[in-house]
Amino acid sequence: MYVQSGRTNGREAQLLSHTALLQARIYLFMKFILAKKGRMTQVFEEDGRVFAGTVLTATPSVVTQVKTVESDGYTAVQVGFGDQKVERVSKPQLGHTKGKAFKVMKEFRLDNPSDYEVGKEITLEGFAEGDEITVAGTSKGRGFAGVVKRHGFKGGRRSHGQKHSEREAGSIGGGPGRAGGKVAKGIRMAGRMGGDRVTVTNLKVLRVDAKNNQIIVSGAVPGAPGSLVEIVTQ
């Protein structure tokens, strides 16, 4: 994929950036589903190799809206996941979903959403063993953490007068140097840790059990057990 360049140095086209190409590829071939994180397990292959994996439960997601350039300015598919009590859902949302109550609603950008229609169920049948996937979720919240846990500081010396400063941050640069009597922006200090959106790429599908709505992916997945994750493949 190329974009025309205005230069006259003999180059008639300029290659798109790596990010743009990756996004275009994802939009064109993407398969997606929502799931809940479960336990970790081991998967043994026929040749004796063993892989650590995470069990994800992906009950069918329902398409609630198909967005197009003409109506919304971009192309995407909106899906609902998980059953919810009707009294816990707002009336505008119930009207939007034609009376169906979902616990979670997410949107996935697609290049060509014409294969989807409102009411269609998205299941694990589109996934197969060996697929390379990307999993995104919310990491575990750690609360207020010190610099040793949050940034990997090694702490102070364990001898020669140390008493209560083994895990202290040390100087933060408030002297006349570095920032001129101020604390430099971006200095690593203690603070709130976790609860961030984390995306893990290049994971592999180890097993797919569409009948029981379970999929096993290689390695670890962000989030606590029971938390929502997004699975995307191309």
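Brief remarks on what is shown
- Taking the conditions (1) buried (at least 16 other Cβ atoms within 10 Å of the Cβ); (2) without any contact (Cβ under 8 Å) to a residue 60 or more places away in the chain; (3) under 23 Å from ASN213 (Cβ atoms) in turn, THR75 satisfies each one other than (3).
- Residue check, THR59 assigned to a loop (DSSP other than H, G, I, E, B) and either farther than 23 Å from ASN212 by Cα or not acidic (Asp, Glu) (or both): yes
- Any hit, the stretch 196-203, residues being surrounded by 11 or more Cβ atoms within 10 Å (Cβ to Cβ), of a type in the set (A, V, I, L, M) and in a loop (DSSP other than H, G, I, E, B): no
- Some residue of the stretch 150-170 being surrounded by 11 or more Cβ atoms within 10 Å (Cβ to Cβ), among the hydroxyl-bearing types (Ser, Thr, Tyr) and either within 30 Å of SER90 (Cα to Cα) or without any contact (Cβ under 8 Å) to a residue 40 or more places away in the chain (or both): yes
- The condition of being in a loop (DSSP other than H, G, I, E, B), within 25 Å of THR54 (Cβ to Cβ), charged (D, E, K, R) and out of contact with any strand residue (DSSP E or B) (no Cβ under 8 Å at 6 or more places or on another chain) holds for LYS140.
Coordinate-derived values only; no laboratory data. In this text, all values refer to a predicted model and were calculated from it rather than measured experimentally. Ideal geometry is used to build each Cβ from the backbone, glycine not excepted, and the neighbour counts take in all protein chains shown.
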